[in-house]
Amino acid sequence: MLDHAKIAVIGAGPAGLACATSLRAHGVRATIYEKSRGIGGRVATRRRNGFQFDHGAQFLWVDADDPVLAAARGAGGAAPWGAAVTDDGVVPWVGTPRMKDVLRPLAAGYEIRFSSEVVGLLRKSAGWSVETTDGAEIYASVAIAAPAPQILRFLDGGEHALRHTLARVAFEPSHALMIAFDERPNWPDIIRDPPGPFALLVRDTSKPGRLAPPETFVAHTTPAWSAGWVDADAGAICEELKSALRTAMGPLPTVLYASAHRWRFSQAIEPLGAPFAATTDGSVLAGGDWALGRNIEQALQSGRAMAQSIMERLGD
């Protein structure tokens, strides 16, 4: 039964990839749909004008023997980041040479349909029709790894229980300022809760495997600040954040590049409190970091839990 089960996973971020990997370990191969051109979700890296920025998740808090981390380390895709060590001596991990490379081993060997946006998920007599901009296909079960508000946009309107659960999960936005300088400012490599509208200021260049110089930094804003700018023009946001950074940190070196990115669904205000939500019959599951918390670690946990639920249902 397991070899012939058709499973779809929507989203190639950490939760979706963890789900697909866990399914494959039990003999079930999933088709992965991803609306963007690459893996990672908010474990994201942007390259512009010769500069590189990890403008989403900044690090990973997992044990050294975590299977995801172990696979990435084996492939040269992860390293400890000493600059971000905590006061109690815990060292986080980062992807190398890009943050998203920590997830790359999870995607190896999969059929991932990139640039394939799901626009509808409809219940049919034979299962679920995953409707995309390129067509539709029927699956026995579907795991969705995306922010809850995005799922509500394409979920079958008849799934009242799941829709009600997802509607309870509210999100906060944030913005990321990506900025490159011609020389290193006299700042620490990582500043938590810096002055002004910022929640985190990171010297991307300090991460292992990064190119240096030039000096690249990423500044994440607080949700409270971003709420007032969520629909503003990206250029205006960039100028506002550059000015705020100058006010917070003092005179800036010569700016070689700057841009801003909006994360509309940055983090859940209050997580679901369970690894995933599901339809009454368990054939469609929805999860991600928003189910259990706000971090990559919780996204991986959610994805594995969705895979386990699918396996139990297929084994009935």
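The values are calculated or read from the model by the stated rules, or taken from the named source; none is laboratory data. Since the structure is predicted, the reported quantities are computational estimates derived from the model, not experimental observations. Positions of Cβ are generated from backbone atoms using ideal geometry, with glycine treated the same way; all protein chains shown enter the neighbour counts. Quick note on the areas: whole protein, heavy atoms, side chains included, nothing else; ligands and nucleic acids left out. Shrake-Rupley method; radii C 1.70, N 1.55, O 1.52, S 1.80 Å.
Looking across segment 135-159, the residues that are surrounded by fewer than 16 Cβ atoms within 10 Å (Cβ to Cβ) and either among the small types (Gly, Ala, Ser) or more than 25 Å from the chain's Cα centre (by Cα) (or both) come down to GLY135, ALA136, ILE138, GLY157, GLY158.
Residues in segment 233-267 that are outside any helix (DSSP H, G or I) and within 13 Å of PRO185 (Cα to Cα): 6 in all. Please determine whether any residue of segment 100-108 is touching a Phe, Trp or Tyr at 6+ places or on another chain (Cβ under 9 Å) and among the basic types (Lys, Arg). No: segment 100-108 contains no residue that is touching a Phe, Trp or Tyr at 6+ places or on another chain (Cβ under 9 Å) and among the basic types (Lys, Arg).
You will find that of ALA84, ALA79, ALA64, the residue that is at pLDDT 90 or above and aliphatic (A, V, I, L, M) is ALA79 and no other. The single residue among THR247, THR216, THR222, THR254 that is within 30 Å of VAL85 (Cβ to Cβ), in contact with a strand residue (DSSP E or B) (Cβ under 8 Å, 6 or more places away or on another chain), surrounded by fewer than 18 Cβ atoms within 10 Å (Cβ to Cβ) and touching a residue at least 40 places away in the same chain (Cβ under 8 Å) turns out to be THR222. Among the residues making up segment 160-175, those that are touching a residue at least 60 places away in the same chain (Cβ under 8 Å) and more than 16 Å from the chain's Cα centre (by Cα) are ALA161, LEU162, THR165, LEU166, ARG168, VAL169, ALA170. Considering only residues in segment 268-316 that are under 17 Å from the mean Cα position of the chain (by Cα) and assigned to a strand (DSSP E or B), the one that is farthest from TRP61 (Cα to Cα) turns out to be ALA286. Consider TRP225 carefully, then state whether it is modelled with pLDDT of 95 or more and either part of a loop (DSSP other than H, G, I, E, B) or more than 22 Å from ASP281 (Cβ to Cβ) (or both). Yes; evaluated as a whole, the condition is true for this residue. Within segment 182-202, the set of residues being assigned to a strand (DSSP E or B), surrounded by fewer than 22 Cβ atoms within 10 Å (Cβ to Cβ) and in contact (Cβ under 8 Å) with a residue 40 or more places away in the chain comprises ILE190, LEU200. Which residue out of GLY40, GLY13 is of a type outside the set (Ser, Thr, Tyr), touching a Leu at 6+ places or on another chain (Cβ under 9 Å) and modelled with pLDDT of 95 or more? Criteria check complete, one pass: GLY13.
When VAL230 is tested against (1) in contact (Cβ under 8 Å) with a residue 60 or more places away in the chain; (2) part of a loop (DSSP other than H, G, I, E, B); (3) β-branched (Val, Ile, Thr), just one condition goes unmet, and that condition is (1). Looking across segment 160-181 at every residue that is closer than 14 Å to TRP290 by Cβ and assigned to a helix (DSSP H, G or I), the one that is least open to solvent (accessible area, probe 1.4 Å) is identified as LEU166. If the condition is being within 24 Å of the chain's Cα centre (by Cα), surrounded by 18 or more Cβ atoms within 10 Å (Cβ to Cβ) and either part of a helix (DSSP H, G or I) or hydrophobic (A, V, I, L, M, F, W, C) (or both), then segment 113-134 contributes VAL118, LEU121, VAL130. Tell me which residues, restricted to segment 267-288, are of a type outside the set (Val, Ile, Thr), touching an Asp or Glu at 6+ places or on another chain (Cβ under 8 Å) and crowded, with 21+ Cβ neighbours inside 10 Å. Selection gives ALA268 alone.
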